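Chemist: There's a structure below that I have some questions on.
Quick note: the coordinates plus some simple rules give every number you see, no bench work behind them. Computed from a predicted structure; not experimentally measured. Here the Cβ positions follow ideal geometry from the backbone for every residue, glycine too, while neighbour counts run over all protein chains shown.
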Amino acid sequence: MSLGMLALVSVLSLAQSPHPGAPQAPMPPDGDPLKREFFPPELIMDHQRELGVSADQRKKLIAEIQGAQTRMVELQFEVKAAHEALADLVRKPSVDEAKAMAQIDKLLALENEIKKNHLRLLVRIKNLLSVEQQRKLRELMARLPPPVPQVPQPPQPPQR
């Protein structure tokens with residue numbers, strides 16, 4: 001791996017890890033404290049009859065999911081372009097620190113927007129469901145087998 005790519009991987013992994021020494025709430029066994037508060041759209045689709053999802057709810061759920069997916073594709077393209085621009089900057093023998101810092105700010109802002117877009121969708125989905133539907137979904141989620149942990153893949157060398 002080139003020195004530039006190693007620097008990029010290091011910066012990105014630091015940006016995604018929590019701040020050292022910062023107080024953190026206890027994590028549930030699966031590691032996601034928000035997971036129990038929100039409901040995957042697939043689970044709602046798979047159990048819509050059991051949940052009593054109305055035609056109006058279904059229509060609104062579809063609209064919310066489609067809107068979020070459209071924005072997500074746009075953001076993924078922007079992230080990829082920002083990532084490539086950062087890689088181009090750090091690939092040089094001498095890196096312009098100011099330009100690299102400005103580019104990582106752009107990349108992190110886009111990644112933040114992706115997270116906000118995802119949370120916005122989950123909030124809107126939850127707000128479309130009744131208290132009883134939410135209770136049923138929590139029961140369904142409790143019965144599901146735990147997800148299989150994914151093994152992180154090592155970074156791939158750049159294609160030439």
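Chemist: For the stretch 54-69, indicate whether the set of residues that are small (Gly, Ala, Ser) and closer than 29 Å to Pro157 by Cα is non-empty.
Modeler: Among the residues of the stretch 54-69, not one is small (Gly, Ala, Ser) and closer than 29 Å to Pro157 by Cα, which makes the answer no.
Chemist: State the number of residues belonging to the stretch 76-119 that are closer than 22 Å to Gln156 by Cβ and part of a helix (DSSP H, G or I).
Modeler: So the answer is 24.
Chemist: Is there a residue being in contact with a Gly (Cβ under 8 Å, 6 or more places away or on another chain) and either of a type in the set (D, E, K, R) or under 25 Å from Lys60 (Cβ atoms) (or both) anywhere in the stretch 84-92?
Modeler: yes
Chemist: Right, here's the next one. Is it the case, given these coordinates, that Ala81 is surrounded by 11 or more Cβ atoms within 10 Å (Cβ to Cβ), closer than 21 Å to Lys35 by Cα and aliphatic (A, V, I, L, M)?
Modeler: Criteria not met by Ala81.
Chemist: What's the number of the only condition in (1) within 16 Å of the chain's Cα centre (by Cα); (2) surrounded by 11 or more Cβ atoms within 10 Å (Cβ to Cβ) that Pro152 fails to meet?
Modeler: So Pro152 meets the others, but not (2).
Chemist: Being within 30 Å of Ala55 (Cβ to Cβ) and without any contact (Cβ under 8 Å) to a residue 40 or more places away in the chain narrows it down to one residue among Val123, Val131; which is it?
Modeler: Val131
Chemist: Related question: Going residue by residue through the stretch 91-100, is there one that turns out to be within 20 Å of Glu37 (Cα to Cα), of a type outside the set (Phe, Trp, Tyr) and touching a residue at least 24 places away in the same chain (Cβ under 8 Å)?
Modeler: No, the stretch 91-100 contains no residue that is within 20 Å of Glu37 (Cα to Cα), of a type outside the set (Phe, Trp, Tyr) and touching a residue at least 24 places away in the same chain (Cβ under 8 Å).
Chemist: I'd like the full set of residues that are outside any helix (DSSP H, G or I), surrounded by 10 or more Cβ atoms within 10 Å (Cβ to Cβ) and not aliphatic (A, V, I, L, M), limited to the stretch 120-146.
Modeler: Across the stretch 120-146, the qualifying residue is only Ser130.
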